[in-house]
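Student: Sending over a structure as structure tokens; questions will come in a sec.
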Amino acid sequence: MQSFCHWEGETLVLNILGCPRAKKTKIGKAIGKQLEIHVAENPVRGRATAHLVTFLAAEFQVPESAITVVFGVYNVNKQLRIVAPKRLPAVIAKQPKGAPVSKEI
């Protein structure tokens, strides 16, 4: 089974299922090949995605410019690339041993 994330060199690739209009922005659980992320913003003209990028920049301790939305700016299904994250949230750090995300930072 494929994971919701994998490494391409120093870049972490994340498949995300966005859940807009949440009460609080937070990382949820892995659902199949996607990571659920609740976003406290309305999905209007990409505002929820912009809020998501700001939130993830803080979570991974990278500048917003280090995060690229590959696809899904206006959709709940997204793929993001995060260049050289300095911190990994617990759900990513807890990937099973031998999974694609076993990189030490």
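Student: Arrange the peptides 31-40, 59-68 so that the one whose residues have, on average, the most other Cβ atoms within 10 Å appears first.
Tutor: Highest mean packing first, the order is 31-40, 59-68.
Student: In addition: Give the total of Lys-Lys pairs in the chain with Cα-Cα distances below 19 Å; include a pair only if its members are 8 or more places apart or on different chains.
Tutor: 13
Student: Rg and Dmax of the stretch 4-44 over Cα atoms: what are they, in angstrom?
Tutor: 11.7, 35
Student: Further question: Using a Förster distance of 22 Å, how high is the FRET efficiency between residue 69 and residue 93, based on the Cβ-Cβ distance and rounded to 0.05? Numbers along the way, then the final one.
Tutor: On the way: r = 23 Å, r/R0 = 1.04.
Calculated transfer efficiency: 0.45.
Student: In nm, to one decimal, how far is the residue 44 label point from the residue 77 one, both placed 7 Å along Cα→Cβ?
Tutor: Simple spin-label model gives 2.7 nm for this pair.
Student: Quick check on the chain: of the DSSP beta bridges with both residues there, what percent are antiparallel, nearest 5%?
Tutor: On the way: 19 of 23 bridges.
Roughly 85 percent of the beta bridges in the chain run antiparallel, per DSSP.
Student: A follow-up question, please. Placing +1 at every Lys and Arg Cβ and -1 at every Asp and Glu Cβ, with all other atoms neutral, what dipole size does the chain have around its Cα centre, in debye to the nearest 20?
Tutor: Working: 15 positive and 7 negative charges, 73 e Å.
I would put it at about 360 debye.
Student: Taking the C-alpha atoms of the stretch 5-93, how large are the radius of gyration and the largest Cα-Cα span, Dmax, in Å?
Tutor: When restricted to Cα atoms, the stretch 5-93 yields Rg and Dmax of 11.8, 35 Å.
We did not get these values from a lab; they are worked out from the coordinates using the rules stated. What you are looking at is a predicted structure, and each value in this text was computed from that prediction instead of being measured. For neighbour counting, all protein chains shown are included, and Cβ atoms are generated from backbone atoms with ideal geometry for every residue, glycine included.
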